[in-house]
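First the structure, in the form of structure tokens, and then the observations on it.
The values are calculated or read from the model by the stated rules, or taken from the named source; none is laboratory data. In this text, all values refer to a predicted model and were calculated from it rather than measured experimentally. Cβ atoms come from the backbone with ideal geometry, glycine included; neighbour counts cover every protein chain shown. Please note that ligands, DNA and RNA were not included when accessible areas were found on the heavy atoms of the full protein model with its side chains. Shrake-Rupley method; radii C 1.70, N 1.55, O 1.52, S 1.80 Å.
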Amino acid sequence: MYKILEARNLAGPNYEMLVEAPRVAARCLPGQFVIVKVGEEGERIPLTITDYDREKGIIELVYQPIGVSTSRLSQLHEGDFITDFAGPLGQPSDLTRTPIEELKKKKIVFVAGGVGTAPVYCQAKWLHEHGVESDVIIGAKTKDLVMLEDKMKKVANVYVTTDDGSYGRTGMVTRCLEDLIAEGHVYDHCVCIGPMIMMKFTCLTTRKYGIHTVVSMNPIMVDGTGMCGACRLIVGGEVRFACVDGPEFDGHLVDFDLAMKRQTLYKTKEGEAFLAWKEGQTHSGGCGQCGGDK
Amino acid sequence: MAEIKGLKRVPVREQDPKVRATNFDEVCLGYSEEEAVEEAGRCLHCKNPKCVQGCPVSISIPEFIAALKLKDFDKAYDVISESSSLPAVCGRVCPQETQCEGQCIRGIKGDAVSIGKLERFVADWAKANDRHMKCYRGRQGHKVAVIGSGPSGLTCAGDLAKQGYDVTIFEALHKAGGVLVYGIPEFRLPKDKIVAKEVENVKCLGVKIETNVIIGRSVTIEDLLTKEGFDAVYIGSGAGLPMFMNIPGEQAKGVFSANEFLTRNNLMKAYRDDYDTPIECGKKVVVVGGGNVAMDAARTALRLGAEVHVVYRRSEAELPARKEEVHHAKEEGIQFDLLTNPVEILTDDKDNVTGMKVIRMELGEPDASGRRRPVPVEGSEFEIECDTVIMALGTRPNPLISSTTDGLETNRKKCIVADEKGETSLPGVFAGGDAVTGAATVILAMGAGKTAAKSIDEYIQKKYAAQ
């Protein structure tokens, strides 16, 4: 059991959680993820690490509840326990394995979308601590959904953009990136983390400018330890597994269309389950699954 | 008359195929006390028992059967537990026909003694009567780390604990048991009734189990040997990532590896409404492959309500699965499309599986495995309609440990290299089971765990004698 030290609601639908997990905190690096499971009946949920404190043995996670399992997680409070918390999993970001002198020569831009801002923070902070500067574009649909802006500002040069223009610049992250380039910014390394559709279009943009781009893939996973093969992707024409080969890959080689199709596989079942969970005893059968007798 | 009767084994009761095809309860119901004693009476108590040679963990088979015949179940259990930490598991999932029972003299003229079912009876009797293996507590104090809580790790840990070592098992998943929990289905190996109890038994020997620890990521082998003070490490991390065929359509929605399908259903209990993990099992399922894993996936899909076909490229004689599994699968209504090989998975415009294009095969000259090589019959392609495809083609080793342990030798297939004593290229590091051999059986993994336990004991004794 893993103790929750803090839990709070962040911008919009997002939640932040500090969890006591000394083994994970001792060895994790930016880019890696953990598997979280609530209760005996819960799913194994992969969540990318937002921050860590090695001395105190604490892991910070930011996530957006979307289904039954993540919603159940969001109902836990400070002092509660998470049943299972496994990690760190996946490969650390390539940046952490690049000599610092080389990193200092790179012009790095992070493109963060939605809840993907959290794992970007982990990497930007790591670079900052190692004396490497970076730019971060935080994209959100609207002002209320912009997250971690203040924290991010302490570790990087931040540009916020909202789709509806309610805060910061106006438009999608791709437009912001192109604007920054037009304003004279030069980049040779991009790390993009967010919804798959956003990563796809960011990659199309960076390809135009010849900027090497790394994306963090979040396909469906079950065990997350290199056993089940659910998280397979096609990268550069080959089958790769996000849980052990990734989650970060060369974005210009990822088959996003395929990845997005595969991601929808359980959409109907998840939706039905979520509805049944939300409505509980009062469930009226709108899920189409139970025949309306519950 | 008595002579003729002795040729046949006492039949074991099973759930009716029509009934069991709709539930996940155990198929085989096991012997009653009377049946077990009667079957035990068929053992000839050979002076030179071939059955023991056929057993990878060398259980003193005639001895336990003799005790069983005298209804001394306590003694029968003690005899078995001297050699095996997981008798209730082995009695259910060992391929006895190629091991102990395959060597039985009774089998030359008539049926071999039903050794597996007798072992199962004794183990189940022990559970029902709350008989545990003798408990020991770390009297030596030397620490051994075991990676993986599958059959190999549990055996190695159990044997070392019996000798007084302070053993900790590190398990990557949230539940102990390895393939016994995530791979083999409930209807063949009940999880709460059998696996959890066997794990408890090993814990009762003083073994600690730490779940959610991924060796290579949460902690490295080097750290275990230095910072955490372990004298030796046993790697029993099991098989790894599933293999695919690399045919068109294999990434479509509705194509699963058997590992994923079985993990969802067994470890995550997706077949039960009260568990959150979903499973997508269509109305018509094609399972590709002919091993035990293919049978498990096929019979699971059947129980989830699908019509199931097994597509296998060789003929029935070459099916690598246990005979009992094939027999059970057929009884339950699974159809076998033999000498058939997938060419392409067909999809609709939304990338959902709609069918499979296959080709007829014929058997040619024997290949490296000694089995006749299947060759495609030109122009014999045809289509099978289906909405789900499960690939059960075997696995490749998991790279987590080998890629994070400097100096640990692996072979061409990326399996960890270990000699017949279980020693790897690193001093103090031992390995066995699927991580070394590639996907094999529960009992072979247990045999390797047992051998390694002996080697680890020798290694540690020598290490401290030299000091």
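You will find that of B:D72, B:D124, B:D78, B:D111, the residue that is outside the structural domain of B:L180 (by TED's automatic domain parsing), in contact (Cβ under 8 Å) with a residue 12 or more places away in the chain and surrounded by fewer than 19 Cβ atoms within 10 Å (Cβ to Cβ) is B:D111 and no other. For segment B:13-43, which positions are among the hydrophobic types (A, V, I, L, M, F, W, C) and over 19 Å from B:T98 (Cα atoms)? Those that are among the hydrophobic types (A, V, I, L, M, F, W, C) and over 19 Å from B:T98 (Cα atoms): B:V19, B:A21, B:F24, B:V27, B:C28, B:L29, B:A36, B:V37, B:A40.
So which pairs qualify, if the first residue must be in segment B:185-204 and more than 17 Å from B:F170 (Cα to Cα) and open to solvent by 10 Å² or more (accessible area, probe 1.4 Å), the second must be assigned to a loop (DSSP other than H, G, I, E, B) and small (G, A, S), the Cβ gap must be under 9 Å, and the two must be at least 6 apart or on different chains? Note: pairs meeting the criteria are B:K191/B:G177.
Residues of segment B:405-448 that are under 24 Å from B:V293 (Cα atoms) and of a type in the set (D, E): B:D434 alone. Within segment B:237-286, the set of residues being open to solvent by 10 Å² or more (accessible area, probe 1.4 Å), under 23 Å from the mean Cα position of the chain (by Cα) and among the small types (G, A, S) comprises B:S237, B:G238, B:A239, B:A270. All conditions in (1) more than 17 Å from the chain's Cα centre (by Cα); (2) over 15 Å from B:I59 (Cβ atoms) hold for B:G153, with the sole exception of (1).
Residue-wise test of (1) under 23 Å from A:T264 (Cα atoms); (2) among the small types (G, A, S); (3) without any contact (Cβ under 8 Å) to a residue 12 or more places away in the chain.
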| position | (1), (2), (3) |
| --- | --- |
| B:V326 | no, no, no |
| B:G333 | no, yes, no |
| B:V353 | yes, no, no |
| B:K357 | no, no, no |
| B:V375 | no, no, no |
| B:E385 | yes, no, no |
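Going through segment B:158-172 one residue at a time, which ones are at pLDDT 95 or above and open to solvent by 10 Å² or more (accessible area, probe 1.4 Å)? Scanning segment B:158-172 gives B:T168, B:E171, B:A172.
May I ask you to verify whether A:G42 is facing chain B (nearest Cβ under 9 Å) and within 26 Å of A:E272 (Cα to Cα)? Criteria met by A:G42.
List the helices (runs of 4 or more DSSP H) inside segment B:19-138, counting only whole elements, that have at least 1 residues being within 25 Å of B:A448 (Cα to Cα) and within 22 Å of the chain's Cα centre (by Cα). Counting at least 1 such residues, we get B:50-54, B:61-69, B:73-83, B:87-93, B:100-103, B:115-128. Checking A:E60 against (1) within 13 Å of another protein chain (Cβ to nearest Cβ); (2) open to solvent by less than 20 Å² (accessible area, probe 1.4 Å); (3) over 26 Å from A:L180 (Cβ atoms); (4) of a type outside the set (S, T, Y), which test does it fail? Failed condition: (1). Note on segment A:66-115: residues that are part of a loop (DSSP other than H, G, I, E, B) and either within 14 Å of chain B (Cβ to nearest Cβ) or surrounded by fewer than 19 Cβ atoms within 10 Å (Cβ to Cβ) (or both) total 16. For segment A:208-253, the candidate set comprises residues that are buried (at least 24 other Cβ atoms within 10 Å of the Cβ) and among the acidic types (D, E); within that set, the residue that is farthest from the other protein chains (Cβ to nearest Cβ) is A:E248. For B:M391, the criteria (1) touching a residue at least 40 places away in the same chain (Cβ under 8 Å); (2) open to solvent by 20 Å² or more (accessible area, probe 1.4 Å); (3) farther than 19 Å from B:F170 by Cα hold in every case but one, which is (2).
Test each condition in (1) open to solvent by less than 70 Å² (accessible area, probe 1.4 Å); (2) within 22 Å of the chain's Cα centre (by Cα) for A:H185 and report the one that comes out false. Checking A:H185 against (1) open to solvent by less than 70 Å² (accessible area, probe 1.4 Å); (2) within 22 Å of the chain's Cα centre (by Cα), the one that fails is (2). Being among the charged types (D, E, K, R) and at pLDDT below 95 is the filter here, so list the residues in segment A:220-250 that pass it. A:D223, A:R232, A:E238, A:R240, A:D245 - these are the residues of segment A:220-250 that are among the charged types (D, E, K, R) and at pLDDT below 95. A single entry from A:A118, A:A124 fulfils the requirement of being in a helix (DSSP H, G or I), modelled with pLDDT of 95 or more and over 17 Å from A:C243 (Cα atoms): A:A124. Taking the condition part of a loop (DSSP other than H, G, I, E, B) and either more than 14 Å from chain A (Cβ to nearest Cβ) or open to solvent by 20 Å² or more (accessible area, probe 1.4 Å) (or both), does B:R313 pass? Yes: the conditions hold for B:R313. For segment B:438-465, the set of residues classified as under 26 Å from B:C55 (Cα atoms), of a type in the set (V, I, T) and modelled with pLDDT of 90 or more consists of B:T451, B:I456, listed by residue number. Considering every residue within segment A:45-52, establish whether at least one is assigned to a loop (DSSP other than H, G, I, E, B) and either modelled with pLDDT of 95 or more or buried (at least 16 other Cβ atoms within 10 Å of the Cβ) (or both). Within segment A:45-52 (the criterion being assigned to a loop (DSSP other than H, G, I, E, B) and either modelled with pLDDT of 95 or more or buried (at least 16 other Cβ atoms within 10 Å of the Cβ) (or both)), the answer is no, since none of the residues qualifies.
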